[in-house]
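Some notes on the structure that comes next.
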Amino acid sequence: MPTDKIYFVSSNPEKYREIRGALARCGIEAERVDLDLPEIQSLDPAEVAAYKARKAYERLQTGRVLVEDTGLGIVAWDGYPGALIKWVLKSVGEAGLCRQLNAWDDRRAVATVVLCLFDGHDLRTFTGRVEGIIAHQPRGEYGFGWDSIFAPAGSARTYGEMQREDKIKISMRACAVSALQRYLSGS
């Protein structure tokens, strides 16, 4: 396998740990770079990630960059907040989002992770999606972001109630990372 390096642009050490391990299995070194990147306003995490990947490459001007964006689309809200979830949570918090959804019978949601790999010419996108529900209140002490309110389909537990190793096996990031690994391995 070739030895190569990919610059993973993220301020989140947990995300980096997952990415670093996945890339190492492909013979590729990952280096985390913490850049403050502008984000376009879109419900679609793929649009946001593609924009961030191009901006990250402009800033670094070297090698291949990998960025991630996540979204949490609530079915009853036609996919809102999607990629805007970070801003919604900053405003109302996890408990507030749960309370807002109480006005609807349908608590289904789709969690999405999009990884974009950009080398200055080619942009490759790898997407992972997991269906689930929004809990009635935050539960769990593990994870980050909205892990405490999202329970994947088939599970009574939220991601926030799952140990890291259990969550990684069924997360939307794991699906996206698997697709990235297949691409990097030439499979």
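We did not get these values from a lab; they are worked out from the coordinates using the rules stated. The structure displayed is predicted, hence computed values, not measured ones. So basically every Cβ, Gly included, is an ideal-geometry build from the backbone, and we count neighbours across all protein chains shown.
Within segment 143-167, the residues that satisfy the criterion of being buried (at least 16 other Cβ atoms within 10 Å of the Cβ), touching a residue at least 24 places away in the same chain (Cβ under 8 Å) and not in a strand (DSSP E or B) are G143, G145, W146, S148, I149, K167.
Here's the yes/no breakdown for (1) in contact (Cβ under 8 Å) with a residue 60 or more places away in the chain; (2) touching a Leu at 6+ places or on another chain (Cβ under 6 Å):
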residue: I19; (1), (2): yes, no
residue: C26; (1), (2): yes, yes
residue: A30; (1), (2): no, yes
residue: D34; (1), (2): no, no
residue: Y51; (1), (2): no, no
residue: L66; (1), (2): yes, yes
residue: A76; (1), (2): no, no
residue: P81; (1), (2): no, no
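Within segment 52-94, the residues that satisfy the criterion of being among the small types (G, A, S), in a helix (DSSP H, G or I) and surrounded by 13 or more Cβ atoms within 10 Å (Cβ to Cβ) are A53, A56, A76, G93. Put simply, of T70, T127 the only residue that is within 19 Å of E14 (Cβ to Cβ) and of a type in the set (S, T, Y) is T70. For segment 1-29, taking the residues that are crowded, with 18+ Cβ neighbours inside 10 Å and touching a Gly at 6+ places or on another chain (Cβ under 9 Å), the one that is farthest from Q181 (Cα to Cα) is identified as Y7.
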